[in-house]
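Worksheet: the structure to be examined is printed underneath.
The values are calculated or read from the model by the stated rules, or taken from the named source; none is laboratory data. Computed from a predicted structure; not experimentally measured. Because the Cβ atoms are built from the backbone with ideal geometry, glycine has one as well, and the counts that use them run over all protein chains shown.
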Amino acid sequence: MVSSLFINPFSEDAREFVRNYGALDRIADTSEELQEIVKHTDGQNIDDNSLIPGSIMELAVKRLEWYLKREKREFNHGDYAYLLNPEIQEYDVLAFYVLAQATGAKFRPVSREARLVVESTGALIEERFRVLREGDRDEITGRVLHELGSGDLRWIELEELLRTRKLKLTDLILDRGRVIIEGDDFMETFQDRIRDRRPERLYQLLVGSGLKETMISRMIMQRTEDYIARVHEMRSRVQPHPLILEAAELIASRVSEEMFAFTGTSVKSAGPGKLVPEAFPPCIKGTMEGVKSGSRNDAIVLLLTSFISYARLYPSVFRDRTPMKVSDLDPDLRITREEILPIIYDAAEKCEPPLFEDDPQEKLNITAKLGFGVHEEPAPENEGESRWYTPMSCEKIKIHLPDLCHPDRICARITNPLSYYNRMRWIMKSEGKGDEGGDEEKDSE
């Protein structure tokens, strides 16, 4: 029988197991039993010894590495099959706490590394639910929900999950503020109100295993985030164990390697580079000179904001096809605050009439388009409340901003202003006119 340890590292059984493990001195020691579990996992690739975690510390880093690699084209599920093997659950619980403690000991709770650890925890839970047999799946779901205190749960108790958008209020089935999760509760509450549909079928459609598993994943993500924050707050009073600090360095190194390990690119081409205004397309140059009322708002908020931010931080986004956030490339947001926003605000000031004098709320929308939600300025704690938008296509510019579309000879081969920028930098570099020329990339959106 599969234990809830496989899903929930915050259960009382999991915490007792961690307490009984004792001192942290052994987390870097080689464990033959762990290696045997890994090697005998169905579908596990054992051709490369570097794929086999030999210690709890290595397993902790592998948990995060799996998440960083899983969206890449070359990802092989067989390299990490052991993470979906319930036999690893006791080692995995220890690895989870090493990973969380190391993250809290070195990184801020709003850092890129902390965010990735939290996200990887939720993703791994969802993947483990997917591979469990149906009987085990239902039993584990009920047990973990009980461990997380879902009985007689009110939506207000999920305030933090809702605030951070790990859950949406519209995802939940509510009755007078109470969250309805269990089938029996659903029948008792709604059976007399349902007409022309089978209540059992409606329950499966609205709640079923999907909502339960989502709630479990998001609740554990929130607890992971809170745990990392507590560790970080305590580090000034409690000296972290040297091996925890060593694990933190491994995390920092692995995140840096994987975030920039794009297919066919280097750190230089994938990461931030100096802006080359001479390579801007005509529509961007026109926007920076100031736009009249009518096209003004969309030109600044939708077009210029996305173009300048990607051109400065991640010009190869269409080639790499690896989703990133602003803080992945600008961790302290210095470039965003000191370089990107001043360019956008200056163009806004040149508009007729000046954008913020006429529509001050558009400053909030600019922040939102950078991925930081509707706020006055970008702040790490708000990142993820909205999406970092890529520049609109040339086709959309022709439709929505026709006054800015004045194609030159380069535009004939281009479908996005960012692709124009990369193409022009490549031309300038090949002609010896610029040191910051980019690699020519396939035009895409």
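Listing for the model above:
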quantity	calculated
Options 50, 55: the member that is more than 20 Å from residue 122 (Cα to Cα), in the same structural domain as residue 224 (by TED's automatic domain parsing), free of Cβ contacts under 8 Å to residues at least 24 places away in the same chain and small (Gly, Ala, Ser)	50
Tabulated pairs, the range 185-197, first in the same structural domain as residue 175 (by TED's automatic domain parsing) and surrounded by 14 or more Cβ atoms within 10 Å (Cβ to Cβ), second of a type in the set (Asp, Glu) and at pLDDT below 75, C-beta under 7 angstrom, 6+ apart or interchain	189/175
Qualifying positions in the range 406-432 - surrounded by fewer than 17 Cβ atoms within 10 Å (Cβ to Cβ) and outside any helix (DSSP H, G or I)	406, 407, 408, 409, 415, 431, 432
Failed item, numbered, when residue 47 is tested on (1) in contact with a Phe, Trp or Tyr (Cβ under 6 Å, 6 or more places away or on another chain); (2) part of a loop (DSSP other than H, G, I, E, B)	(1)
Selection count, the range 80-108, where residues are surrounded by fewer than 21 Cβ atoms within 10 Å (Cβ to Cβ), closer than 24 Å to residue 322 by Cβ and touching an Asp or Glu at 6+ places or on another chain (Cβ under 9 Å)	2
Search result, residues across the range 1-26 that are assigned to a loop (DSSP other than H, G, I, E, B) and closer than 30 Å to residue 145 by Cβ	1, 2, 3, 7, 8, 9, 10, 11
In the range 208-249, residue nearest to the chain's Cα centre (by Cα) [restricted to those that are of a type in the set (S, T, N, Q) and not in a helix (DSSP H, G or I)]	236
Filter result for residue 29 (outside any helix (DSSP H, G or I), outside the structural domain of residue 322 (by TED's automatic domain parsing) and in contact (Cβ under 8 Å) with a residue 24 or more places away in the chain)	yes
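Each row is one residue, and each column tells you yes or no for (1) touching a residue at least 40 places away in the same chain (Cβ under 8 Å); (2) under 27 Å from residue 43 (Cβ atoms); (3) not β-branched (Val, Ile, Thr).
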site	(1), (2), (3)
80	no, yes, yes
93	yes, yes, no
104	yes, no, yes
113	yes, no, yes
121	yes, yes, no
125	yes, yes, no
